[in-house]
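Encoded as structure tokens, the structure appears first; notes follow it.
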Amino acid sequence: MEDEEPANEELMLLTVGERLQEARKAKQLSLEDISNSTRISSRHLQSLEENRFSDMPGRTYTIGFARAYAKVVGLPESEWLDPLREELDADQNKRQAFALPDSNIEESGKVPSAKTAWIIAAVGIVAVVLGYAAWRGTSGFSDMPELASAEDTAGDAGLLDGSGQEGGDDSTAGDEGSIGDDPANIGPDAPVIFTATQDRIWVKFYDANGDQLMQKEMKLGETYTVPADAEGPQLATARPDALSITVGGRVIEPLGTAERVIRDVPVDPLALLNRADSAEQ
């Protein structure tokens, strides 16, 4: 027992990224090896090791990526989950503390010039036109998103395994996800298929970097399979109620029950299974 205390104290001085890196090197694995095992890009794995959370696609994905990494290198959840949450909270607080305050026109005593006002008006008109183009074929187009985006700061809602529980032999239902197997053996490579249940349903699929995967008005019965190699795929649409979803053949509840705009909603297999399992609990 006396010999374990120094090791524990030394462990506490390491960041989660450093603990993962040491565990990886102990198993003589490269970042590419971890990437091949988890299907997570080496760029994100390196950002995780170096605690560069601002380069990650969001809190939910950071925790999910860490869980997948830890499983490959055999790092117990007790050595990284709570510390990682604390590091993410500290990083967020630090960024908020150093964020520049919004400009205040009244305090500066400056009033926008007429030219600036016309530019703002022109931009507003363009936004209305683009919004109408996206609205075609839909009704009740609202600016209020129905679902949370991948950056869920309220409850760490993450990537769960098929059981709706955090990974580990003795785990209970948690607030972050797992990359583990679920009862139906649906894993991170399961195909995600969207089917339009009505005609002319506008959708836009894009990845975590904002690069577009597909944007169009889907016809009644038309299907779209999210590319398996898409990194952090997300969806924006005004008709979540008119899109049926399957993940590896498992039917998932629609992302909404009304005509409402949703955007930045993760549609990778694990995120959708997490949502379905949470709804069933």
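The values are calculated or read from the model by the stated rules, or taken from the named source; none is laboratory data. Given the structure is predicted, the values throughout are model-derived calculations rather than measurements. Please note that ligands, DNA and RNA were not included when accessible areas were found on the heavy atoms of the full protein model with its side chains. Shrake-Rupley method; radii C 1.70, N 1.55, O 1.52, S 1.80 Å.
Extension gain for the segment residue 28 to residue 195, taken as residue separation times 0.36 nm less the Cα-Cα distance, is 55.7 nm to one decimal. When a 1.4 Å probe is rolled over the protein heavy atoms, the share of accessible surface on the stretch 39-88 that falls to carbon and sulfur comes to 45 percent.
Tally up the carbon and sulfur contribution to the accessible surface of the stretch 187-268 as a whole percent, 1.4 Å probe, everything protein left in place.
Carbon with sulfur: 47 percent of the solvent-accessible area.
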